[in-house]
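Have a look at the structure below before the remarks.
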Amino acid sequence: MKTRRRLITTRLAALGLAALALGGAARAEGQIRIAEQFGVVYLLLNIAQDQKLIEKHGKAQGLDIKVENVKLSGGAAVNDALLSGSIDVAGAGVGPLLTLWDRTQGRQNVRGIASLGNFPYYLTTNNPAVKTIADFSDKDRIALPAVGVSVQSRVLQLASAKLWGDAHYNRLDKLQIAVPHPEATAAIIKGGTEISAHFGNPPFQEQGLAGNPNARIVLKSYEVLGGPASATVLYGTEKFRKENPKTYKAFVDALAEAARFASDKPEQSADIFLRTNNSKLDRDFLIKIIKNPEVQFKLTPQNTYALADFMHRVGAIKNRPASAKDYFFDDAHNAAGS
């Protein structure tokens, strides 16, 4: 676990030095650096990378695009990378997007580019005494990507507010620890570690449930957010979008093609995930996750506003958005966003 964290920190530091080396100069059209994290929720980026879709749509505009994909863990690390200029596109949860949207108004003006689709997120536990979130005690530790920032943490806060009231929305924050999904999943399967719960995403949550007969679902994100929801999104700065219109368009067009590919070719999509992530996950197990009726590959954000309204209500963000249109760019695929 410590080794992976050191690698992530080193990678982020290297990106930061590269950004400083550029002296803050405007980047020319034809370059894009994309940060993703762990899980099937980033499948559209995997497909775009494997099939070179960004390059394809760039060439359609007469532009050769250099694409760099980096992997980080946690919304905090991704947000730091975006603000430092180390990346152009951030892949993280709605919570980290809302945090930066709020903090950068009038400056970098960070907004959402697109959703990566609707995916159910499960809070699971291997503690037999825990049936609902009310059963967690000081002896439990809940692993998630970033404490108080990640979408998993925010969803858990929203669930806590619904149970105990807004004044106690962060009641379970003290039990949370930041752990990358692979390590958290291993802990749930193994049992006997300090980690007794994991708020994950596909395929890690399914792996934990399949690997430990004592593991069970405590909370589902769709139940908290009011239905199928776009928990993971892509976002960037107004500057990048404005100064790189062709690169931005090629990226969005590539995502749209990747979404169609994932929907129409789940088996090939599974192969791409396994290949690009060097994953040893069982292929049939992965295909079942991709074909889950609750999973929808689409760019239009859905059911994100409940989290935005909650975060403003409890003071996590100062600015209250009127709708999802406030924190997503004014692009055609975002017009019907919620």
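Please work out if SER160 is more than 30 Å from ALA335 (Cβ to Cβ), open to solvent by less than 60 Å² (accessible area, probe 1.4 Å) and not aromatic (Phe, Trp, Tyr). Give the derivation first.
Working: more than 30 Å from ALA335 (Cβ to Cβ): yes; open to solvent by less than 60 Å² (accessible area, probe 1.4 Å): yes; not aromatic (Phe, Trp, Tyr): yes.
Considered against the rule, which asks whether it is more than 30 Å from ALA335 (Cβ to Cβ), open to solvent by less than 60 Å² (accessible area, probe 1.4 Å) and not aromatic (Phe, Trp, Tyr), SER160 comes out as yes.
When the range 173-194 is examined, which residues are found to be β-branched (Val, Ile, Thr) and either in contact with a Gly (Cβ under 9 Å, 6 or more places away or on another chain) or closer than 20 Å to LEU156 by Cα (or both)? Talk me through it step by step, then tell me what you get.
The first filter runs over the range 173-194 and keeps only residues β-branched (Val, Ile, Thr), leaving 177, 179, 185, 188-189, 193.
Selection gives ILE177, VAL179, THR185, ILE188, ILE189.
Looking at ALA250, ALA215 in this structure, which one is open to solvent by less than 40 Å² (accessible area, probe 1.4 Å), over 29 Å from ASN79 (Cβ atoms) and more than 19 Å from the chain's Cα centre (by Cα)? Answer to the check: ALA215.
With respect to (1) touching a His at 6+ places or on another chain (Cβ under 8 Å); (2) surrounded by fewer than 24 Cβ atoms within 10 Å (Cβ to Cβ), the lone exception for LEU172 is condition (1). Looking only at residues in the range 65-90 that are open to solvent by less than 10 Å² (accessible area, probe 1.4 Å) and part of a strand (DSSP E or B), the one that is nearest to ARG241 (Cα to Cα) is VAL89. Comparison of GLY200, GLY208 shows that the only residue that is in contact with a helix residue (DSSP H, G or I) (Cβ under 6 Å, 6 or more places away or on another chain), farther than 24 Å from ASN303 by Cα and touching a residue at least 40 places away in the same chain (Cβ under 8 Å) is GLY208. Only one of the listed residues (THR300, THR232, THR247) is out of contact with any Asp or Glu (no Cβ under 8 Å at 6 or more places or on another chain), modelled with pLDDT of 95 or more and polar (S, T, N, Q). That residue is THR300. Exactly one of these conditions fails for HIS198: (1) more than 15 Å from ASN126 (Cα to Cα); (2) of a type outside the set (S, T, N, Q); (3) open to solvent by less than 10 Å² (accessible area, probe 1.4 Å); (4) assigned to a strand (DSSP E or B). Give me its number. The failed condition is (1). Mind checking which residues of the range 92-143 are without any contact (Cβ under 8 Å) to a residue 60 or more places away in the chain, part of a loop (DSSP other than H, G, I, E, B), more than 20 Å from HIS312 (Cβ to Cβ) and open to solvent by 10 Å² or more (accessible area, probe 1.4 Å)? Listed by number, the residues that qualify are ALA129, SER137, ASP138, LYS139, ARG141. Filtering SER115, SER137 for residues that are under 15 Å from the mean Cα position of the chain (by Cα) and of a type in the set (Ser, Thr, Tyr) leaves a single hit, SER115. All conditions in (1) in contact with a Phe, Trp or Tyr (Cβ under 6 Å, 6 or more places away or on another chain); (2) among the aliphatic types (A, V, I, L, M); (3) assigned to a loop (DSSP other than H, G, I, E, B) hold for LEU158, with the sole exception of (3). A single entry from SER263, SER323 fulfils the requirement of being farther than 24 Å from ASN79 by Cβ, of a type in the set (Ser, Thr, Tyr) and open to solvent by 20 Å² or more (accessible area, probe 1.4 Å): SER263.
The values are calculated or read from the model by the stated rules, or taken from the named source; none is laboratory data. Source: prediction; values computed, not measured. Virtual Cβ from ideal backbone geometry, glycine too; neighbours counted across all protein chains shown. Calculation scope for accessible area: heavy atoms of the full protein, side chains included, ligands and nucleic acids excluded. Shrake-Rupley method; radii C 1.70, N 1.55, O 1.52, S 1.80 Å.
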